[in-house]
Amino acid sequence: MSAAAAPAGGRRWARPSLDAVVMGGGVVLLGAALVLGIALPLGYLLAKSFQNQDGQFIGLANYIRYVTTPALFLSAWNSVWVAAVATLIVIPLAFVYAYALTRSCMPFKGLFTAIALVPILAPSLLPAISLIYLFGNQGMLKGAFGGQPIYGPIGIVIAQVFYCFPHALMILVTALATADGRLYEAATALRASRTRIFFTVTLPGVRYGLISAIFVVFTLVVTDFGIAKVIGGQFNVLATDVYKQVVGQQNFQMGAVVGMVLLIPAVLAFVADRHAQRRQSAALSARAVPLVPQPEAGFDRAMLAFCAAVAALLVGIVAVAAWGSLIRYWPYNLSLTLANYDFERFDARGWETYRNSLVMATGAATLGTAVVFVGAYFLERTPGLGLLRAAVRLIAMLPLAVPGLVLGLGYIFFFNAKANPLNVIYATMTILVINTVVHFYTVCHLTALTAIKQLDPEFEAVSASLKVPIVRTFVRVTVPICLPTILDIFVYMFVNAMTTVSAVIFLYGAESKVASISVVHMDEAGQTSAAAAMAMLILVTSAGVKLLHVAASSTIERLTQAWRRR
C-alpha cells in the first residue's frame, strides 16, 4: 500500500509537498530560535527575582525589600520624572523641526534632515562626554546653571534631548507627511485662520504619531544606561541601579528585581505605542490627496531659523566631543594631538576593542539580516499553522518592549547557568552577536514584513503550478525585489551594534570587549579625552557605513528596481 493512501474504506491523505515541509520547518526553527533568544532568558530573569542567593523560592520577599528600601525605590521615581522632563522638551522641538521639513518650503531640507539623524550614529555616551567638557567642574561654561552641577538630572536631561531627538523626529515626520490635502483646502475655503487650522486639522491628524513619539522618547530615557553612567553622578536611576546591583554588589537577585521593574514602563509604552500606530495607519483614506506646502516667505524664514538653531546645537555637541578627543590634557594643556587615539595607552586591549566592534557589528548585521528576512518570509507566506505562526509573531514583537539592560541580565542567568549546554558561548563574541540580533530584531522584522507584504502572493502560486521549488522563487524573485529593504536592515543592524552599550555591558569577556564598553571604562578611569576619541571613532565608522549605504542604494535600485519605472 502506498504511503499516500489509507486502508480500504478509510480516508485518503495527501503527502505534504517539499515546499510545505521547508516552509513549515522554517517557521518551527524561527520559533525555536526566538524562544531560545528572548523567551527563556526573560523567564530565567523572572524566576531569579523570586529566589534567594541559594536559589530557593522566597515569593515576593525581594520585591517587598525593593519597595521598602528608600534608596532603591527613589531610583524608580528619579527615572520617571527625568524621562518626563526630557520628553516634554524633545517632543515640541522635534514637532516644530518635523513641521518645518514637511510643511514649509525652506531650503536645505536634505541637509537639516541629515544633521538631525547624526545622534543615531553615535553611542549615547558621546553627548554626556561633550557636556562634561562644556559644563563640568573644569568645563568651559561651568557655573552656567546657577551653581547647579551638570552631574545629575540636569546633565541627564540635556544629553537625553540630544540622544532622543532623531527618534521622535522620524515618527513625527512620518505622521505629518501623511496629511490629507483636502482637509486643508476645505479649511482654507472656509477662511479659517492658520491657528485654527493647526488645532482643528493638523494636531488631530497627527495625534497618534505624537502619542507614539512620546512613549518612544519616554522609554528610551528610562532604559538608557550610557548617559546616566557618564554624567549621572550620585543621581541614581533604574538603569544604573541594575548595573550597581549586578556588577558592583554581585546581588543578582535584587538586580533581577530592578530589571523586572525597569521592564514595566517599557512594556506599558510598547502596548500604548502599538495601539497608537494601528490607529494612525487607518487615519488616511484611499481617496486622500497629498498635501503640497506652498511658499510663504515669512513662515519659511522662521522655520529655516529654527532648524538652523537646532542643527547648530546638534553639530555643536558633536564638535565639542571631536575637539575633546584631540586636546592633549584637559583642562591644562589644550594643544591638539592625536595621542588620544593611541588607545593602547588607556586600555589594555587598545585598538582590539574597536576591531571587536567591527566583528560584532558585521556578524550581527549578516546573521540578523538573514534570519530576519528569511523568517519574515516564512511567517508571511507559509500556509496554515495559524496558531504556531501567531505565537511566533507575538514572540518576534517582544524584543521591542525589552530594554537592553534587562535582556543582557536575562542572558546572564540563562546562558551562564551550569545546566545549560550553551554556557560555553558566555562572554564570547558569539553571545554578543546573538544578543545584538535579538535586541534589534523587532524593528527589522517589521521592516521585512512590510516589504514582503507588498509582493503579490501569486508569485508563489505560479511557481507551485510550474513545479518550481519555493527556494528558487525566493532567491530569484523575492530577494532581488526586496534587495533595498535587505540592505536597509543590514545597515540598521550594523549601526546599532556599533553604538549599543546597555545590552552588552553584562556579556563581554576579556577577549570580546567592544569599543562602546571601552568608552565606559575609559571615562570611569578619568580618561575623558580617550573616551571621546573612541566615541568619535564609533560615530565616524557608523557615518561611513551609512554613506556607503546611500551610494549602494542608488546602484542597487538602478540594477534591481527598473521594473518600478515606466
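The values are calculated or read from the model by the stated rules, or taken from the named source; none is laboratory data. What you see is a predicted model; the values in this text were computed from it and never measured. Don't worry about glycine lacking a Cβ; one is built from the backbone with ideal geometry, like all the others, and counts go over all protein chains shown.
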Where in the stretch 135-237 are there helices (runs of 4 or more DSSP H), lying wholly inside it, with at least 1 residues that are free of Cβ contacts under 8 Å to residues at least 60 places away in the same chain and over 23 Å from Ala272 (Cα atoms)? 153-177, 181-189, 194-197
What number of residues in the stretch 191-233 are surrounded by fewer than 22 Cβ atoms within 10 Å (Cβ to Cβ), of a type in the set (A, V, I, L, M, F, W, C), under 30 Å from Leu263 (Cβ atoms) and out of contact with any His (no Cβ under 9 Å at 6 or more places or on another chain)? 2
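Residue by residue, here is whether (1) over 19 Å from the mean Cα position of the chain (by Cα); (2) farther than 22 Å from Phe474 by Cβ holds:
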position: Thr369; (1), (2): no, no
position: Arg381; (1), (2): yes, no
position: Leu385; (1), (2): yes, no
position: Ala391; (1), (2): yes, yes
position: Pro399; (1), (2): no, yes
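Go over the candidates Val258, Val217, Val271, Val222 one by one and state the one that is at pLDDT below 85 and not assigned by TED's automatic domain parsing to the domain that holds Gly410.
After ruling out the rest, the residue left standing is Val271.
Could you tell me whether Val462 is free of Cβ contacts under 8 Å to residues at least 40 places away in the same chain, hydrophobic (A, V, I, L, M, F, W, C) and farther than 30 Å from Val258 by Cα?
yes
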Examine the stretch 196-209 for a residue that is under 15 Å from Thr102 (Cα atoms) and either in the same structural domain as Leu537 (by TED's automatic domain parsing) or acidic (Asp, Glu) (or both), and state whether such a residue exists. no
Give me the pairs, please: first residue somewhere in the stretch 113-131 and assigned by TED's automatic domain parsing to the domain that holds Thr102 and within 16 Å of Ala319 (Cβ to Cβ), second residue anywhere and at pLDDT 90 or above and among the aromatic types (Phe, Trp, Tyr), beta-carbon distance under 7 Å, and either six or more positions apart or on two chains. Ala116/Tyr97; Ala116/Phe165; Pro119/Phe162; Pro119/Tyr163; Pro119/Phe165; Pro127/Phe162; Pro127/Tyr163
Taking the stretch 517-553 and keeping only residues that are closer than 18 Å to Val491 by Cβ and either without any contact (Cβ under 8 Å) to a residue 24 or more places away in the chain or surrounded by 24 or more Cβ atoms within 10 Å (Cβ to Cβ) (or both), one is left with Ile538, Val540, Gly544, Leu547, Leu548, Val550, Ala551
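Are there any helices (runs of 4 or more DSSP H) wholly within the stretch 344-424 with 3 or more residues that are closer than 21 Å to Tyr492 by Cβ and out of contact with any helix residue (DSSP H, G or I) (no Cβ under 6 Å at 6 or more places or on another chain), and if so which?
Where helices (runs of 4 or more DSSP H) fall fully within the stretch 344-424 and carry at least 3 residues being closer than 21 Å to Tyr492 by Cβ and out of contact with any helix residue (DSSP H, G or I) (no Cβ under 6 Å at 6 or more places or on another chain), they are 352-381.
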Filter result for Val477 (within 27 Å of Tyr492 (Cα to Cα), modelled with pLDDT of 90 or more and either basic (Lys, Arg) or touching a helix residue (DSSP H, G or I) at 6+ places or on another chain (Cβ under 7 Å) (or both)): no
